[in-house]
Amino acid sequence: GTLPTMTRPQATEVIEKLGGKVSGSVSKRTDYVLAGDEAGSKLAKAVKLGVKVISEDDFSKMIE
């Protein structure tokens, strides 16, 4: 979905600068899914696999 305060490329840049890896798909090896507005099938798959889903607010707190 879309993030209210940053673009996907901005979020990707922050994650990668902090040593994280961004993937276009969700698997059981995924640690977090950053869910924005109107999150779709990836959110559903994350829930099904038991992957931790975080909001943009959660993400902002993690990177402070």
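The values are calculated or read from the model by the stated rules, or taken from the named source; none is laboratory data. Computed from a prediction, not measured in an experiment: that's the story for all the values here. Glycine also receives a Cβ, built like all others from the backbone with ideal geometry; neighbour counts cover every protein chain displayed.
Here is a yes/no grid of residues against (1) surrounded by 10 or more Cβ atoms within 10 Å (Cβ to Cβ); (2) among the hydrophobic types (A, V, I, L, M, F, W, C); (3) out of contact with any Gly (no Cβ under 7 Å at 6 or more places or on another chain):
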residue	(1), (2), (3)
Leu3	yes, yes, no
Thr7	yes, no, yes
Val26	yes, yes, yes
Glu38	no, no, no
Ala46	yes, yes, yes
Leu49	yes, yes, yes
Val53	yes, yes, yes
Phe59	yes, yes, yes
Met62	yes, yes, yes
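Of the residues that sit in segment 44-58 and are out of contact with any helix residue (DSSP H, G or I) (no Cβ under 6 Å at 6 or more places or on another chain) and not in a helix (DSSP H, G or I), which one is nearest to Thr5 (Cα to Cα)?
First pass over segment 44-58, keeping only residues out of contact with any helix residue (DSSP H, G or I) (no Cβ under 6 Å at 6 or more places or on another chain): 44-52, 54-58.
With the extra rule that they be not in a helix (DSSP H, G or I), the set shrinks to 50-52, 54-55.
Numbers: Gly50: 26, Val51: 23, Lys52: 21, Ile54: 15, Ser55: 12 Å.
Ranking the candidates gives Ser55 first.
Report, ordered by the first and then the second residue, all pairs with beta carbons closer than 7 Å, sequence separation of six or more or different chains, a first member in segment 37-59 that is at pLDDT 95 or above, and a second member that is part of a helix (DSSP H, G or I).
What qualifies is Val53/Leu43; Val53/Ala46; Val53/Val47.
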